[in-house]
Amino acid sequence: MSWNAELYKEKHAFVFEYGNSLIEWLQPKEGESILDLGCGTGELTSQIAASGAKVTGLDASSSMIASAQEHYPDITFKVGDATNFSLPETFDAVFTNATLHWIRQQEKALDRIWQHLKPGGRLVLEMGGKGNVDDILGALEKALHNRGYSYKPFWYFPSVGEYTSLLEEYGFSVKQVLFFDRETELADPDNAIVEWLQMFGTYFLEQVPENDRLPVLQDAQEALRATNFRNGKWSVMYRRLRVKAEKINSDL
Ligand code: BEZ
């Protein structure tokens, strides 16, 4: 998947704006070393760095990292994949916002996180939880079927039970969990659902010929108008899973 960093910041800034309150769960301290996994364009990385912690931002997208490095030249940013990154240091904490649901091989990402945490180190994460953006996905599925295309789920949106069990299997001790709905207003008053799907949902359209893609997205948007368009604004129902966990001392 390739990312347009400028479009992401212009139209989808809510992704990192909502991440501010996750930093309160992290409570970064001066002198700590922290990895921001899936740092995108670096806004949250720079907020964490403002605490005096030494932060490294890692993202699989080279265009996101180029934008982050340009805007925050004093912070270390690296291109790397969450499922196979290898850095020379270990960290007091790993912070990750709106990233883990993109990863099909979740076990590999947890293994990498575990290996990069110091004993006692903390993992603070927010991701889409079970039922996340079900409204858009339901409308898209129908729009694809109506035009003769198939739909296969793509993202990983786990339940609280599923994800905390997985963390425990990896040796993490779960300290704090929150599962909540966040109705999220989108930026564009006319075409917000189409734009959201163009930004994030390219996977679903790979099988659709170029000239039929926009009609599919427009059908999905129209199907949502009665429920997701109010007072001139489009919104989507995000469902978030937040967890704080610690790497308990062990030889795992
Ligand atoms: C999310 O942050 O929940 C999300 C963002 C883009 C695509 C899917 C989910």
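The values are calculated or read from the model by the stated rules, or taken from the named source; none is laboratory data. Values in this document were obtained by computation on a predicted structure and should not be read as measured data. Here the Cβ is made from the backbone with ideal geometry for all residues, glycine too, and neighbour counts use every protein chain on show.
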Next on the checklist: Just to be sure before I move on: is residue 220 at pLDDT 95 or above, out of contact with any Gly (no Cβ under 7 Å at 6 or more places or on another chain) and among the hydrophobic types (A, V, I, L, M, F, W, C) in the structure I sent?
Outcome noted: yes
Checklist entry - at pLDDT 95 or above, more than 15 Å from residue 245 (Cβ to Cβ) and of a type in the set (Val, Ile, Thr) - does that describe any residue in segment 110-129? => result no
Next on the checklist: Here's a check for you: in segment 203-223, which residue that is buried (at least 17 other Cβ atoms within 10 Å of the Cβ) and under 23 Å from the mean Cα position of the chain (by Cα) is nearest to residue 100 (Cα to Cα)?
Outcome noted: 204
Checklist entry - So which residues in segment 126-148 are away from the ligand (no atom under 16 Å from the Cβ) and surrounded by fewer than 19 Cβ atoms within 10 Å (Cβ to Cβ), if there are any at all? => result 142, 145, 146, 147, 148
Checklist entry - Does residue 121 qualify as being crowded, with 21+ Cβ neighbours inside 10 Å, in a strand (DSSP E or B) and small (Gly, Ala, Ser)? => result yes
Next on the checklist: Against the definition (assigned to a helix (DSSP H, G or I) and more than 20 Å from residue 224 (Cα to Cα)), how does residue 135 come out, yes or no?
Outcome noted: no
Next on the checklist: Just to be sure I understand, how many residues within segment 153-194 are in a loop (DSSP other than H, G, I, E, B), loosely packed, with under 13 Cβ neighbours inside 10 Å and touching a residue at least 12 places away in the same chain (Cβ under 8 Å)?
Outcome noted: 2
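The rows are residues; the columns are (1) within 15 Å of the ligand (Cβ to nearest atom); (2) closer than 30 Å to residue 189 by Cβ; (3) in contact (Cβ under 8 Å) with a residue 60 or more places away in the chain.
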| site | (1), (2), (3) |
| --- | --- |
| 22 | yes, yes, yes |
| 34 | no, no, yes |
| 50 | no, no, no |
| 57 | no, no, no |
| 84 | no, no, no |
| 90 | no, no, no |
| 101 | yes, yes, no |
Next on the checklist: Quick check on residue 229: is it farther than 28 Å from residue 92 by Cβ, surrounded by 12 or more Cβ atoms within 10 Å (Cβ to Cβ) and either in contact with a Lys or Arg (Cβ under 7 Å, 6 or more places away or on another chain) or not basic (Lys, Arg) (or both)?
Outcome noted: yes
Next on the checklist: Can you name every one of the strands (runs of 3 or more DSSP E) wholly within segment 13-117 that holds 3 or more residues which are on the phi > 0 side of the Ramachandran plot, crowded, with 16+ Cβ neighbours inside 10 Å and of a type in the set (Gly, Ala, Ser)?
Outcome noted: none
Item to check | segment 207-252, residues that are outside any helix (DSSP H, G or I), within 16 Å of the ligand (Cβ to nearest atom) and under 18 Å from residue 155 (Cβ atoms) | outcome: 236, 237, 238, 239, 240, 241, 242, 243
